[in-house]
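Heads up, the thing below is written out as structure tokens.
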Amino acid sequence: MDMENVKQIFRDAGTAISRAVQFTEEKLGKAEKTEQDPNFEQLVTFCDNTKQNTETILKNMEFILNSNPGMRVENLFFLDKKKSGLSSSEYLGIAMTEAGNDFGPDTAYGSALIKVGNIQQTLGLNQREFIKSANDCFVNPMNKYLETDMKTVVKERSLLEKRRLDLDACKTRVRKTRMLATTKVKAEHDLKVAQEEYNRQAEITKLLMEGVPSAHPQHLQHLLDFVDTQAAFYLKCHESLMSLQSDLSGFPSDQDNVATLSPDTPALGRIQQAKVITSQEPRDAHDLRLSAGEIISIDVNSDIGSNYFIGKKIQKGKVYKSNVRLLNQG
């Protein structure tokens, strides 16, 4: 190591000590601190809010998109390479279809398990596609912003703080050496240099922070893209579940213990298929929600009122006669 490098090491060490002393004296109230103008401080606050809120949003977004820690552990250790990367819904779907085949696809329970299992796997696939799209349209661009633009702002602000400590340390030395002519000239020269470096760094930092608000419109676009992706995901899931519900509406059941209208409501008697000709919105908790075109089960012996049957989809409830047409009637 040559002498110049040794001298540089000592200079850097001296600068670090000077900054530490200045910082400590400021905290103890024994030294003055150069303050920024209000506009600069507003920019600092805006940048801090942008950084902190973006980090918080991304942290919670990651929790939503990767809400199955067991799946992440399994992928890490490759416990099952054939199924690696599947979602929880897909695992459930596989278990249901395997059980359905074991019980027999020609039985009511086995057939229903296979139908539900297939839809669960579809839901899982939709979920994985949603996760990929959400990462592409929101998470990755926002992370990139934090790792590039915001990281540069943070770096330059840190450098500005060091320049400020150097400047204030020089001011302190000038005040202490006013009566010593031999050191006064050097102290004033160091102060002038520190002031120039501080001013230059403050201008650079300010320009970078002024660019932070201009990034918000792009962040808004990423957010809108995410909402579109999420809406498409839930629509696909809704359509799949409605189709499944329609497929299962005609399955017989020995015990209707999913829902009960009231203690005196009779169990389903003679079951007949009916087609919904007019959509039905529930008037109270006992009514079924029906969509036009659905095929549902009707208990034709449950004519306990003048204007409705007892019908069954997944749950049991009232079906108004004017909304359905029995399939054995022309």
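The values are calculated or read from the model by the stated rules, or taken from the named source; none is laboratory data. The structure presented is a predicted model; accordingly, all values stated were derived computationally and were not measured. Note: ideal-geometry Cβ built from the backbone for every residue, glycine included; neighbour counts use all protein chains shown. In case anyone asks, the SASA skips ligands and DNA or RNA and just uses the protein heavy atoms, side chains included. Shrake-Rupley method; radii C 1.70, N 1.55, O 1.52, S 1.80 Å.
The figures follow:
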read-out: Qualifying residue in segment 174-186 (condition: surrounded by 14 or more Cβ atoms within 10 Å (Cβ to Cβ) and modelled with pLDDT of 90 or more); value: no
read-out: Residue tally, condition among the aliphatic types (A, V, I, L, M) and open to solvent by less than 30 Å² (accessible area, probe 1.4 Å), over segment 100-115; value: 2
read-out: Pair list, Cβ < 8 Å and 6+ apart or interchain, from segment 206-225 residues that are assigned to a helix (DSSP H, G or I) to residues that are among the basic types (Lys, Arg); value: Met209/Arg157
